[in-house]
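Peer 1: Take this structure first; my questions come after.
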Amino acid sequence: MAKLRMLTCDHPVSPDRYNNRIGVVQNQKALVNALIERWPPDTHTFHLPIGECAVTLEDVALILCLPTDGLPVTGMTTNSFSTLEAECLHQFGVAPRKSECRGCCIKLTWLRDLKENMQLNDGISIQRYVKCHIMLLIGTILFGDKSGAGVYWKFLPLLRDFASIGQHSWGSACLAHLYRVLCRASRYNCKEIDGSITLLLDWAWIRLPYLSPLPREPHSGVTGSVVTDDIDI
């Protein structure tokens, strides 16, 4: 059995300086496809020329700053619109129309509009605002679906007790979901991938620094070799 190689972070630029140096990174389809091609579902690791490696809970904690232990992220899934409506009324004081939902998903546009138009007058409105923001993060960064237009409302019951939201192991759930979508995407008949692409790309850029989209011109204060290939960013 091959030994799992734990890649270290030995990068000339610290991850927290990426945002103001590379701006918006677009069209990473080639990198995502290359990683999927090297992901055998039976090992749950990337098979690279240097050995095997994988995204770990430590990576999730460092990249997404999510708790990796605590209460399980679990619950019941249902397609009942009346149940969805009652849950939204309880959590937000308003509920989306059927046209603002898609199956068991709430459209992100409804959550964005609700968040932007919310008046933060008291503690309850602030909590509702935060819950909207969390649901948007869940639907885009953590557990995004292939459409990129909705978020499963099954996560809403986990937000009922505002004080215990941070006690759930969101990091381990996000990592488990990423493993699942990588296994699904590795099938020959799968055409799309969902899940936390942000986590996957950030992990690749940090742990495999020669893949990272660094600026063409090295920063004067950076030491060490810098990749300057012609990468569209």
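All of the numbers you see were taken from the coordinates with simple rules; none came from a lab. Everything numeric here is computed off the predicted structure, so don't read it as measured data. Because the Cβ atoms are built from the backbone with ideal geometry, glycine has one as well, and the counts that use them run over all protein chains shown.
Peer 1: Of the listed peptides 107-116, 168-177, 78-87, what is their order by residue-averaged count of other C-beta atoms within 10 Å, with the highest listed first? Before the final figure, lay out each step's value.
Peer 2: Numbers: 107-116: 16.8, 168-177: 20.8, 78-87: 14.0.
Packing proxy ranking, top to bottom: 168-177, 107-116, 78-87.
Peer 1: Compute the relative contact order of segment 95-182 as a whole-number percentage, counting only Cα pairs closer than 8 Å that sit 6 or more residues apart in sequence.
Peer 2: Taking the mean separation of contacting Cα pairs over the length of segment 95-182, I get 27 percent.
Peer 1: Taking the alpha-carbon centroid of each part, what is the distance from segment 51-112 to segment 185-201 in angstrom?
Peer 2: Between the Cα centres of segment 51-112 and segment 185-201 lies a distance of 19 Å.
Peer 1: Measure up Lys98/Lys191; Lys107/Lys146; Lys29/Lys154; Lys29/Lys131 against 24 Å on the Cα-Cα distance and list the ones that go over.
Peer 2: Those over the limit are Lys98/Lys191; Lys29/Lys154; Lys29/Lys131.
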